[in-house]
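Below you'll find the structure, written out as structure tokens, and then a few comments.
The values are calculated or read from the model by the stated rules, or taken from the named source; none is laboratory data. Remember, it's a predicted structure, so these values are computed and weren't measured experimentally. Cβ placement follows ideal geometry from the backbone for every residue including glycine, while neighbour counts extend to all protein chains displayed. For the accessible areas, the whole protein counts, side chains as well, though only heavy atoms, and no ligand, DNA or RNA atoms are used. Shrake-Rupley method; radii C 1.70, N 1.55, O 1.52, S 1.80 Å.
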Amino acid sequence: MTEEELARAVRIDPSQIRGLGPSLQYLMELLRQRKRKILETYETDKVQNTARQDFHGKAQEMKPPARIAKRFQEAVREEQLHDLEQLWYETGDEKGLFARQLLHLSERLGDKYQVDELASKYEFTGRTSMTVPQALEIKKELEAIDKLLEQMEEAARTAQIGIIDLEELAQYAEPGDIDQLRQLQQQVQEYLKQMAEEQGLEKNAKGFQMTPRAYRLFQSKLLTRIFEQLQASRSGRHQGPVIGEGAAEMQQTRPYEFGDSVANMDIPASFTNALLRQGPVCPSGSRPTTSSSTRRGTTPSAPPWCCST
């Protein structure tokens, strides 16, 4: 794992880092104020019209070859950047005048796309108009602020300061604030390093690697989690190997143990085992006997399971 992957893997309570919460909240408020000031200063209606006029005005100055003139007009009318790129490939002369003009026209259309995206993504309430280059710079700045706010909100929840782009943040905060944040970042990194060592991770040139101690810890936690989820089985039939020669599964049994419920006893099998082990018993309690004629092979006067008189 890299240091960033380790930072995302280890969960830290932000309250453990002294001064982390107030510092991040202060810096986030600075970014929100900067964003609010931009939105309250400028408006986008005029710059949208300017970007559109620049694109269509540039297109009217161009003279496309006759074989692609109709497709060129359709691409301009529908403002399709992909169609203009396809026409550039079909010119056959990348260094020709029309091919160079197509590149500039595509750039104008790309600027128009970005200006339209700026106007739809953010709600401007000011009255100061912008030029197209200025609008592109403002769009870039607002998107950078949104990205920093997202990083800092996550860092406030997880204490993962390493995900904050401090170089980008330095454009909006005082040097002292950035230094303090770097100190907090160093404090978090030391904590992560300590946690990695406790879990058996070792840092080398490739990043953090698992040692044999880490494997043992992982296996122990995994087995603990597995056995914690095991539940006691119900009494009665227990799973065992399928016996018998056919496809039908035979009833599985086990020897009786003291304390087993009688309701789960296999009565027919138990009765059969008792007969095989002790033989039949007459109602009077005596064992059946056979006469001498039975032993000599003659037909007995009574069945063998009857009691003799």
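Pull out all pairs, ordered by first then second residue, where Cβ-Cβ is under 7 Å, the residues are six or more apart or on different chains, the first lies in the range 203-222 and is closer than 19 Å to residue 189 by Cβ and modelled with pLDDT under 75, and the second is surrounded by 14 or more Cβ atoms within 10 Å (Cβ to Cβ) and small (Gly, Ala, Ser).
As it stands, the answer is 208/196, since those pairs meet every condition given.
Pick out, from the range 16-91, the helices (runs of 4 or more DSSP H) lying fully within it that include 2 or more residues that are in contact (Cβ under 8 Å) with a residue 40 or more places away in the chain and surrounded by 13 or more Cβ atoms within 10 Å (Cβ to Cβ).
Numbers: elements: 20-41, 45-60, 69-78, 81-90.
Answer list for the range 16-91: 20-41, 45-60.
Taking residue 183 as the residue in question, decide whether it is more than 21 Å from residue 114 (Cα to Cα) and open to solvent by 80 Å² or more (accessible area, probe 1.4 Å). Talk me through it step by step, then tell me what you get.
Values: more than 21 Å from residue 114 (Cα to Cα): yes; open to solvent by 80 Å² or more (accessible area, probe 1.4 Å): yes.
Judged against the criteria, residue 183 is a match.
Among the numbered criteria (1) part of a loop (DSSP other than H, G, I, E, B); (2) at pLDDT below 90; (3) in contact with a helix residue (DSSP H, G or I) (Cβ under 7 Å, 6 or more places away or on another chain), which one does residue 95 miss?
(3) is the only condition that residue 95 fails.
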